[in-house]
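Have a look at the structure below before the remarks.
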Amino acid sequence: MKRISEVCFSILFVGILFAVPLLILFHGSKIQALYYENRALSAVPEANAEDLLSGDYFSQWDSWLTDHVAGRERLLKLNTWLDYRLLDRPAVNGIVEGEGGILFPFQAYGTWDLDYLSEDAAAVCDSLAQLDQLVSSYGGRFYYVGLPLQNAFYYDRYPDYLENRYWHISAMTEAFAGAMEERGLAFLDMEPVLRAAQTDNQPLYAASDHHFNYYGAYLTYRSVMERITADLGRDLPVLTADDLTFQALENPFLGSRNRKLYGLWPGSEPLTIGVQREPVAFDRTDNGLSVTAQLFRLPATPTETVDYNVYMGGDVAETVLSTHRPELPDLLIFGDSFTNPLETLFYTGFDETRSLDLRYADLSLLDYVAEHHPDVVLCIRDDTSYLSTEGNGNIH
């Protein structure tokens, strides 16, 4: 009897080994990216001697099988529901819920010496000084626009028993602002501006996403344009609130934090766009190719889910908006996804507006500026990225 049990167990084990890849082959995911996890699926591993000897080749197969297993998304969503809704765990998929239902990233506990920040800030600002010198050499102006990330803006709404890490973010901001001032660089810190304007009736940041909303974007745009027009001494076109219709989309908005919860957040908030009452016409190219002249990528029906990619269609390596008004100056914006809603506003005050996302653009920013000579250059980054030299922090 024992022998029969062992044989049956062996057959069952071998059957599972063959069944899993067969299920993946015939019923596994056919998509190329994991929407809720916001990443591409693992590629089929390629064998080479180094990976085989280190064992990494087999680990890659483990990742591939995990990504392509049949029903993976449904199983993960079910597990998230159990943790988030049924068991009410304080942190689920790296997300915690704070005061007012605001979703935050989980921050690990621990403190450390922050003396290194001044050295890092000096190195980053030395590079920015090179950019400023280049822009100034032909009469242009460079501004660094700093924005608080959502969890930094709402840091005081973290659960009391969890770490909000604001002590680290505020120290980075202080070190960066000091290094910018020492070099005479224009640092426009939007945190105090946005905080002063925030009200319970009109929040400026999303509750379920790491960005500001369109109202926060508009306030930032107005503040920066006031500084630019004052410095240039020119009466540039600036959109007032009366020039826009702030339209809340009917579509359900899936914020980046809620996405990690597979859309199970019980709260709701609309995604808002700003429709110009007298639109400023423009032509648009993306990565050198002519595309439809649109500012917002809207779904066909009001029931489809929308995300932050509504603004300008999401992150693009290079976008150029031309309004064919040569009497106006040219603008260059570079930065992460915070730039996307701002691009829908800034272009109205310039002849040509170029936008770069150096995470995707294979070029040197300094060479690009030397080629195009934009009159105004804006770097737009969040406060957690001030000291980063990756992506849009790599300007060489």
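Descriptive notes on the structure:
- Matching residues, region 212-228, being closer than 25 Å to Leu131 by Cβ and buried (at least 17 other Cβ atoms within 10 Å of the Cβ): Phe212, Ala217, Thr220, Tyr221, Val224, Met225, Ile228
- Test: residue in region 219-235 that is touching a residue at least 40 places away in the same chain (Cβ under 8 Å), assigned to a loop (DSSP other than H, G, I, E, B) and in contact with a helix residue (DSSP H, G or I) (Cβ under 8 Å, 6 or more places away or on another chain): no
- Qualifying positions in region 91-131 - in a loop (DSSP other than H, G, I, E, B) and of a type in the set (Val, Ile, Thr): Ile102, Thr111
- Meets criteria (in a loop (DSSP other than H, G, I, E, B) and surrounded by fewer than 15 Cβ atoms within 10 Å (Cβ to Cβ)) for Arg195: no
- Pairs, first under 19 Å from Leu345 (Cβ atoms) and part of a loop (DSSP other than H, G, I, E, B) in region 295-306, second open to solvent by less than 70 Å² (accessible area, probe 1.4 Å) and at pLDDT below 95, C-beta under 9 Å, six or more apart: none
- Of all residues in region 334-382, those satisfying the criterion of being under 18 Å from Leu185 (Cβ atoms), of a type in the set (A, V, I, L, M) and open to solvent by less than 10 Å² (accessible area, probe 1.4 Å) are Leu365, Val369, Val376, Val377, Leu378, Ile380.
- Residue list for region 234-267, restricted to those being open to solvent by 60 Å² or more (accessible area, probe 1.4 Å) and either touching a His at 6+ places or on another chain (Cβ under 7 Å) or closer than 22 Å to Ala91 by Cβ (or both): Lys260, Pro266
- Yes/no for Tyr386 being within 20 Å of Leu289 (Cβ to Cβ), open to solvent by less than 30 Å² (accessible area, probe 1.4 Å) and not β-branched (Val, Ile, Thr): no
- Residue in region 315-325 that is in a loop (DSSP other than H, G, I, E, B) and among the aliphatic types (A, V, I, L, M) present: yes
- Residue in region 331-357 that is nearest to Pro279 (Cα to Cα), counting only those that are among the small types (Gly, Ala, Ser) and touching a Phe, Trp or Tyr at 6+ places or on another chain (Cβ under 8 Å): Ser355
- Val291 satisfies every condition listed in (1) free of Cβ contacts under 8 Å to residues at least 12 places away in the same chain; (2) under 28 Å from Asp383 (Cα atoms) except (2).
- Selection within region 136-186 - open to solvent by 40 Å² or more (accessible area, probe 1.4 Å) and part of a strand (DSSP E or B): Arg141
- The residue that is modelled with the lowest pLDDT, among those in region 71-116 that are open to solvent by less than 30 Å² (accessible area, probe 1.4 Å) and out of contact with any strand residue (DSSP E or B) (no Cβ under 8 Å at 6 or more places or on another chain), is Gly71.
- Residues within region 305-319 that are over 15 Å from Thr285 (Cα atoms) and of a type in the set (S, T, N, Q), tallied: 2
The values are calculated or read from the model by the stated rules, or taken from the named source; none is laboratory data. For clarity, every value in this text was computed on a predicted model and none was experimentally measured. Please note: Cβ atoms are built from the backbone with ideal geometry, for glycine as well, and neighbour counts cover all protein chains shown. Heads up: the accessible areas ignore ligands, DNA and RNA and are worked out on the full protein's heavy atoms, side chains in. Shrake-Rupley method; radii C 1.70, N 1.55, O 1.52, S 1.80 Å.
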